[in-house]
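Data first, discussion second: the structure below is written as structure tokens.
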Amino acid sequence: MSAVRGRYAPSPTGPLHLGNARTALLAWLDARARGGAFVMRIEDVDFTRARPEFEAQLLLDLHWLGLDWDEGPDVGGPSGPYRQSERGDRYAAALARLEVYPCTCTRRELRALPVTSMSGEPVYPGTCRKGQSNPGRHAAVRWRVPGGSVDFVDRLCGEHRQDIDRDVGDFVLQRGDGAWAYQLAVVVDDADMGVTDIVRGADLLDSTPRQLHLLRALHPDLPAPRFAHVPLILGAGGAKLSKRDGAPDLGALREAGASPARVVAALARSVGLVPPEVREIRPRELLTTVQADDPLARITSQPLDLAGL
Ligand code: GLU
């Protein structure tokens, strides 16, 4: 098996909440337990939402938790830059190799489209496909999606299949305001950075077929990464953890003098990696508790127990 390269790819659009921290911990564990490298990439493509102060804070918070990375915006590395805001030339080069067209549909027009797909999202009917030659400055750029379905087996969620053309339609690769779409940036970056294993939240499961379709178009010879979409974190009541559970973000815990080992233990208990009596553990110690060939094999989803943090 080729060397494992994992990554965590946070968007610096707010403080890191405990769900993000748990996903980061699992991604780190998955790479490190198999002797792999770990890459930190800042997903700040959406310049209307990303803020440098959130980036600085999340890197600090993740270090505080006990995670480390071999490559990233603060440590450099051979496949940088590691901030998407500095990688626009790569996205432009990828876009130039795809069959795309400008789309001038307004938000209101897009909202009015009927929902015909299983995902509950409207399918873009290709309104602008035959497009005007002079769309003006504020056109979005859509990929003319080639037919064919995408299949993959997620390490945790099992088999998944989607026909992008039928279920999503031509999707946006660059917004009208010039921002690169997450779907394009993530595919270009994971390929450039040699990522073999993607561990991320289950809310992104639905994006994966689009990304695999793009990967196939851009790099037909590159093996697809393996995916593990980890459960979203649950609050005490068993529903998705929310502010109402009184869940502090990681920075607030750090500033309040919490112990990172207690936070890591709570996160590890919430995926069944350690038994309920474990109240303190360091990420490095967690490495010895997991199955070496498949560190995420036994993860479950338990409500997060915030007591004693
Ligand atoms: N930047 C995305 C987020 O913070 C994660 C993207 C990914 O892991 O592919 O939700």
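The values are calculated or read from the model by the stated rules, or taken from the named source; none is laboratory data. Being a predicted model, the structure only gives us computed values, none of them experimental. A quick note on method: Cβ atoms are made from the backbone with ideal geometry, for glycine too, and the neighbour counts reach across all protein chains shown.
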Of the residues in segment 263-296, how many are without any contact (Cβ under 8 Å) to a residue 24 or more places away in the chain and of a type in the set (A, V, I, L, M, F, W, C)?
4
Look through segment 63-85, keep the residues that are closer than 18 Å to P15 by Cβ, in contact (Cβ under 8 Å) with a residue 60 or more places away in the chain and in a helix (DSSP H, G or I), and return whichever of them is farthest from the chain's Cα centre (by Cα).
W64
Restricting the search to segment 1-10, which residues are over 24 Å from L306 (Cβ atoms), near the ligand (Cβ under 9 Å from one of its atoms) and not in a strand (DSSP E or B)?
A9
Yes/no for D46 being within 24 Å of the chain's Cα centre (by Cα) and farther than 29 Å from R284 by Cβ
yes
Being in a helix (DSSP H, G or I), within 11 Å of the ligand (Cβ to nearest atom) and crowded, with 19+ Cβ neighbours inside 10 Å is true for just one of A24, A31. Which residue is that?
A24
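Condition check ((1) crowded, with 20+ Cβ neighbours inside 10 Å; (2) over 17 Å from S270 (Cβ atoms); (3) touching a residue at least 60 places away in the same chain (Cβ under 8 Å); (4) hydrophobic (A, V, I, L, M, F, W, C)) across all residues:
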site	(1), (2), (3), (4)
L204	no, yes, no, yes
L214	yes, yes, yes, yes
L218	no, yes, yes, yes
D221	no, yes, no, no
A239	no, no, no, yes
A256	no, yes, no, yes
Yes or no: F38 touching a Ser or Thr at 6+ places or on another chain (Cβ under 7 Å) and under 30 Å from P295 (Cβ atoms)?
no
Please go through segment 220-269 and pick out each residue that is at pLDDT below 95, in a loop (DSSP other than H, G, I, E, B) and acidic (D, E).
D249
Considering segment 11-21 alone, what residues qualify as being within 23 Å of R269 (Cβ to Cβ) and either in contact with a His (Cβ under 9 Å, 6 or more places away or on another chain) or part of a loop (DSSP other than H, G, I, E, B) (or both)?
P15, L16, H17
Keeping to segment 295-309, report how many residues are buried (at least 17 other Cβ atoms within 10 Å of the Cβ) and either not aliphatic (A, V, I, L, M) or not in a loop (DSSP other than H, G, I, E, B) (or both).
1
How about segment 118-168: which strands (runs of 3 or more DSSP E) wholly inside it have at least 1 residues that are among the acidic types (D, E) and modelled with pLDDT of 90 or more?
149-154, 158-163
Which numbered condition in (1) within 22 Å of V230 (Cα to Cα); (2) in a helix (DSSP H, G or I) is the only one that R216 fails?
(1)
Residue under question is G176, and the condition is that it be away from the ligand (no atom under 15 Å from the Cβ), surrounded by 19 or more Cβ atoms within 10 Å (Cβ to Cβ), assigned to a loop (DSSP other than H, G, I, E, B) and small (G, A, S); does it hold?
yes
Please work out which one of (1) under 18 Å from R83 (Cα atoms); (2) without any contact (Cβ under 8 Å) to a residue 60 or more places away in the chain is the condition G35 fails and give its number.
(1)
